[in-house]
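Notes to accompany the following structure.
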Amino acid sequence: MKEYKIITAAAVLAFAAVMAFGTFLSRGKKSSAEEARSLAEFPKADFQSMYNGDFSKQMNDHFTDHFPLRSKWMSIETKLRSALGESISDGVYIGSERLLDCGFSERVPDPTAADRLNAFVSGYDGTAYLAVIPSSSGVYDDELPYYLLGDTEGQQINRLYDSLSGGIRKIDAYNILKMLKDNYIYYRSDTKWTSYGAYCVYRTVIQKLGFQPITYDKYTIRHVTDNFRGDLYNRTLYTGVRSDLLDIYEYPDGSQILTCMSVDKDGRIEERSFYDMDMLETEDMYRMYLGENVPVLEIETDVNNQRKLLVIKDSYADCFIPFLTQHFSRITVVSPEDMDGVLSDYVDVSDYEQTLMLFGIENIGNTEFFSGISK
């Protein structure tokens, strides 16, 4: 019995030593490709942080982030929980067909959102349109346990719409997508819509903007990858749900993109590809649409109508904008999340007869996002 205890103690100490050594070796790792996020850095010790407990917390975060084979352990833990009937991991509901964010019903809208949007259209001579896009949780909320449900995303969007002035033309994307929920309109492992979901809303949006939509049969659909895993996967590393497709809709007989110019925070301008296929080799495949985030993209097409459109957007619009290129000779795409300053620092809104604001409902509570929307 004594020998058994000694062997057990030695094994435990050896395991702890190996884990500690592995954690030490991983200190130089800055980010996790699987989780698509930055890892906690090794904290600096000082009297203040040790006195108030910050150092201890930071050390715990660092150890947790740099634990050897962390991603493998996370994946195994999530699978075990699912097998044991625990359907929620890190705020993500694990369904048989898809992953869903559980926190959507508790979302708190930014109280300044309506005022800032109303201020934008005040004195604007053009026409402004707004489309708030629901997340996958909002469209598939009937798959969630009843105790997670509160306000629907449709109700959240309507509250914002009801508080806006008549100068903004509101587009109901929620009901369009809700009616089409049996189609592949949302990714299984991400909160965002698919290109087909974007196309379904495009048909309504483009008519509001004064054009007839390109019919579905005119497009050639190219599946550029069938191995996309999105933000909900990054939070759980759960592989029990099928990976997703990323599609490019091409219209061979339609207009072509002549140039795509990006403007970064320092004002540097460079030409880039409309689709960045290199991003398919990274952990953030969705960035294939429009490429790396920048404050402004200037897209010029061979459409000969001299129509210009300003788009104020977040990542939901990245797979939506390609459909717009069939109708405008110039599209200026602005991302408030990537700006230093406000909209007027980058573009002159008066140059555009039409402005489309299209963003996901997750940003409905993002004060930083709305603070950038200022003429």
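With a sphere of radius 13 Å drawn around the Cβ of Met261, what net charge do the other residues whose Cβ falls strictly inside it have (Lys, Arg +1; Asp, Glu -1)? Around Met261, the surrounding residues sum to -2. Over 24 Å apart at the Cα level, from the set Lys178/Lys313; Lys265/Lys313; Lys178/Lys308; Lys208/Lys308, are Lys178/Lys308.
At full extension, Glu353 and Thr225 could sit 42.4 nm farther apart than now, given 0.36 nm per residue minus the alpha carbon distance.
Report note on the peptides 174-184, 216-226: ranked by the mean count of other C-beta atoms within 10 Å, highest first, their order is 174-184, 216-226. Near Glu353, the amide H atoms lying under 5 Å from its own belong to Lys308; only residues 5 or more places off or on other chains count, and H is placed 1.01 Å from N.
Each other residue within a Cβ distance under 13 Å of Ser163 adds +1 if Lys or Arg and -1 if Asp or Glu, for a net charge of 0. When peptides 299-306, 96-103 are sorted by average Cβ neighbour count within 10 Å, with the highest value leading, the order is 96-103, 299-306. Taking amide H atoms as placed 1.01 Å from N in the peptide plane, the amide H of Val303 lies under 5 Å from those of Gln256, each 5 or more residues away in sequence or on another chain. Once you list every other residue whose beta carbon is under 11 Å from the beta carbon of Lys313, what net charge do they have if Lys and Arg are +1 and Asp and Glu are -1? Summing Lys and Arg as +1 and Asp and Glu as -1 gives -4.
With neighbour counts taken as other beta-carbon atoms within 10 Å, the residues Lys170, Lys313 rank, fewest first, as Lys170, Lys313. Counting neighbouring beta carbons within 10 Å and listing from fewest to most, the residues Leu209, Leu232 come out as Leu209, Leu232. The distance between label points at Asn305 and Thr112 comes to 3.6 nm (points 7 Å beyond Cα on the Cα→Cβ vector). Size of the stretch 299-375: Rg and Dmax of its alpha carbons, in Å, are 12.6, 39. As an exercise, use a Förster radius of 30 Å and the Cβ-Cβ distance of Asp162 and Asp345 to find the FRET efficiency, rounded to the nearest 0.05. It comes out at approximately 0.45.
In the stretch 78-218, Cα pairs under 8 Å separated by at least six residues give a relative contact order of 24 percent. A crude spin-label estimate for the pair Asp264 and Arg169, with each label 7 Å from Cα along the Cβ direction, gives 3.7 nm. Residues whose amide H comes within less than 5 Å of that of Asn366, counting only those at least five positions distant or on another chain, are Asp110 (H built at 1.01 Å from N in the peptide plane). At full extension, Tyr124 and Glu97 could sit 5.2 nm farther apart than now, given 0.36 nm per residue minus the alpha carbon distance. Label separation (Lys218 vs Arg203): 1.4 nm, computed from points 7 Å beyond Cα along the C-beta direction.
Where a number appears in this text, it was derived from the coordinates with a stated rule and is not lab data. Every value quoted in this text rests on a predicted model; they were computed, and no experiment measured them. We place every Cβ from the backbone using ideal geometry, glycine too, and count neighbours over all the protein chains shown.
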